[in-house]
Amino acid sequence: MTTTIPLLGYHVWWSTRGLRVSHDDLLNHLNATGFGAFAPALPTDATALKRAIYAWLDDQHQTGSPLQPPKGGIRNLVRPINTRSSQHIVFALVGEAVDFAALGLSYGTQARILLEKLSPHERLHREPALICTTAATGVIAAQHEASAFTDALRPRWRTYQTLHLAGDLTHLIRTIIDAIPGAVCVRREGGLFFVPVSEHATLLRLRQLVAALPTDGEHEPYVELLGVPDEAAARRTMARAVHRGMLADVQAMQSDLNDLQRKAKQVKASTIAQRLSAYQQVIARAQLYADLLGMHQQDIQTAITDLSAVARALLLSDTNAPSDRNDALVAAPIHPPDGGDATISPTSAEATHLGTHPNASNGTFNGGANLGTEAGVRPSM
């Protein structure tokens, strides 16, 4: 006789390693699985160019690069030169050489690539200017162009303008899971989520989506679901894990609101509305898990109420200088349930340094692309 154990929900984790899909194909798969509303934007011109440069470097490694000596010990770095007010962004291709005898490093700029910045309206009507030069310094102009390099880079750049890689798809999956009612991260480092059993059909559609996407042929992406049994011990464990995850969300919201107060000269009503909507979603999740797991929720509700009050106050003030009242709200302690971790009670000064979301995606669990090369791990793109 087979006994079916009732479930509270599912632990969910995934890998997108090896996924490469065109924008149009991704839209088709999203629509086919009911996730059309989560369609991502195309990669930016700068992101596409950075990826194209790395693709070109990979090809040069296979065939022999004209920009670096054949000896080992050279690491290729791509460094952006950019300011918000400039009309161009420049990527410098820098060679880092290791001198083991002298225990030192030396650097040389091997090439620079200039990309014109266009407004969204301008981008609809023309392609940005792209100029490559092997000159290490000076004005980058057409007369200094390394045309062979530009001709080799341009088609790759155009390819990556409409191509989504593993990192893009990790972000997409995280966005979808964040929108599932009751989904919460239960691992401090991110990458492991609990989703209530009522959302099983949504998780199956998500697994179907990832399985249908094209890969590089070397890796097998996946979405894994591990059932959490509906037992007393499991309920207690999940209540603590979910509570920790929600406290991390609240901390991130506290830090975000602090940043908003410090940086913004005038806060838009739409910006505050987005924050208030996110706060209400946390309260709804706390209520769901109070009903499902008997999770303690009063501290979360109190913290969210305080955050909402501070956010609304920003709309009523002429300046955004934090008041004593706001500092007191940020410093309000948040206590985990009995048997949980120590009290989380950041001061306003400590909260200033909490800019990184505790649930940020990382590692294979979140499908991080393997961007490492023989020369080292590349920057995230």
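Numbers at a glance
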read-out: Positions within the range 110-134 being open to solvent by 40 Å² or more (accessible area, probe 1.4 Å) and modelled with pLDDT under 90, in sequence order; value: Thr134
read-out: Tally, over the range 251-285, of residues that are open to solvent by 50 Å² or more (accessible area, probe 1.4 Å), modelled with pLDDT of 75 or more and among the polar types (S, T, N, Q); value: 5
read-out: Any hit, the range 141-163, residues being within 19 Å of the chain's Cα centre (by Cα) and of a type outside the set (Ser, Thr, Tyr); value: yes
read-out: Positions within the range 16-36 being in a helix (DSSP H, G or I) and more than 21 Å from Pro120 (Cβ to Cβ), in sequence order; value: Asp25, Asn28, His29, Leu30, Asn31, Ala32, Gly36
read-out: Residue count for the range 13-46, restricted to those that are crowded, with 18+ Cβ neighbours inside 10 Å and aliphatic (A, V, I, L, M); value: 4
read-out: Residues within the range 270-290 that are out of contact with any Pro (no Cβ under 8 Å at 6 or more places or on another chain), farther than 20 Å from Val310 by Cβ and either among the charged types (D, E, K, R) or without any contact (Cβ under 8 Å) to a residue 40 or more places away in the chain (or both), tallied; value: 2
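The values are calculated or read from the model by the stated rules, or taken from the named source; none is laboratory data. Keep in mind that what you see is a predicted model, and the values were worked out from it rather than measured. Cβ: placed from backbone, ideal geometry, glycine included. Neighbour counts: every protein chain shown. The protein model used for the area step is the full one, side chains on, heavy atoms only, and it has no ligands, DNA or RNA in it. Shrake-Rupley method; radii C 1.70, N 1.55, O 1.52, S 1.80 Å.
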